[in-house]
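Enquirer: Let me give you the structure first, and then I'll get to my questions.
The values are calculated or read from the model by the stated rules, or taken from the named source; none is laboratory data. Values in this document were obtained by computation on a predicted structure and should not be read as measured data. Using ideal geometry, Cβ is built from the backbone for each residue, glycine included, and neighbour counts are taken over all protein chains shown.
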Amino acid sequence: MALNTSNIYGNITIYDNVIFKIVGSTALKCYGVSSLVSRRISDSLLSLFGKESISKGVKVLTSENKIYIEIYVILKDGVNKEAVIDSLKSSITYNVEYITGMIVKSVNVHVVGVRL
């Protein structure tokens, strides 16, 4: 799936893999996030063979030049859950909009667990 838009410079196509990379790297740099969690069996099977999926823990839906993001994370123990989620949402929104020039309509953060 790809997101297409056009501006004064021409037509631009941004593939979902690019957004996966941006979201994943932003999330892992965010304070309080321990790791991303796979929500698909195929990603879990890839990790057994030593290969990581580019989309691990990230779902992206693009519709009408808007981006909808869902991310599944494990937080570190002792952090303020609400503060980390708010920081994660704003960081992901900023980075995706800055790099792609597209509008992020929503970022849903699902906390799957806490790592001690």
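Enquirer: Can you tell me which residue within the range 62-90, out of those that are in contact (Cβ under 8 Å) with a residue 24 or more places away in the chain and part of a helix (DSSP H, G or I), is nearest to Y15 (Cα to Cα)?
Expert: The residue in question is L88.
Enquirer: Can I ask one more? Restricting to the range 30-81, give me the number of residues that are of a type in the set (G, A, S), within 19 Å of D16 (Cβ to Cβ) and modelled with pLDDT under 85.
Expert: 5
Enquirer: A follow-up question, please. If I ask for residues that are over 16 Å from F20 (Cα atoms) and in contact with a strand residue (DSSP E or B) (Cβ under 6 Å, 6 or more places away or on another chain), which ones from the range 85-104 would you list?
Expert: Selection gives I85 alone.
Enquirer: Write out, first by first residue and then by second, each pair whose Cβ atoms fall under 6 Å of each other, whose residues are 6+ apart or on separate chains, and whose first residue, in the range 15-31, is within 15 Å of T93 (Cβ to Cβ) while the second is small (G, A, S) and in a helix (DSSP H, G or I).
Expert: Short answer, once both residue conditions are applied: T26/S91; C30/S87; C30/S91.
Enquirer: Condition first: closer than 16 Å to V96 by Cβ and either among the small types (G, A, S) or at pLDDT below 70 (or both). Now tell me which residues in the range 1-29 satisfy that.
Expert: Matches in the range 1-29: M1, A2, G24, S25, A27.
Enquirer: Go through V84, V104, V58 for me and flag whichever is surrounded by 14 or more Cβ atoms within 10 Å (Cβ to Cβ), aliphatic (A, V, I, L, M) and under 22 Å from S6 (Cα atoms).
Expert: Values: V84 fails: under 22 Å from S6 (Cα atoms); V58 fails: under 22 Å from S6 (Cα atoms).
On inspection, the qualifying residue turns out to be V104.
Enquirer: Of the numbered conditions (1) at pLDDT 95 or above; (2) part of a loop (DSSP other than H, G, I, E, B); (3) not charged (D, E, K, R), T93 satisfies every one except a single condition; which is it?
Expert: Checking T93 against (1) at pLDDT 95 or above; (2) part of a loop (DSSP other than H, G, I, E, B); (3) not charged (D, E, K, R), the one that fails is (2).
Enquirer: Any idea which residue in the range 3-34 is surrounded by the fewest Cβ atoms within 10 Å (Cβ to Cβ), counting only those that are assigned to a strand (DSSP E or B) and touching a helix residue (DSSP H, G or I) at 6+ places or on another chain (Cβ under 7 Å)?
Expert: Going through the qualifying residues, I end up with I14.
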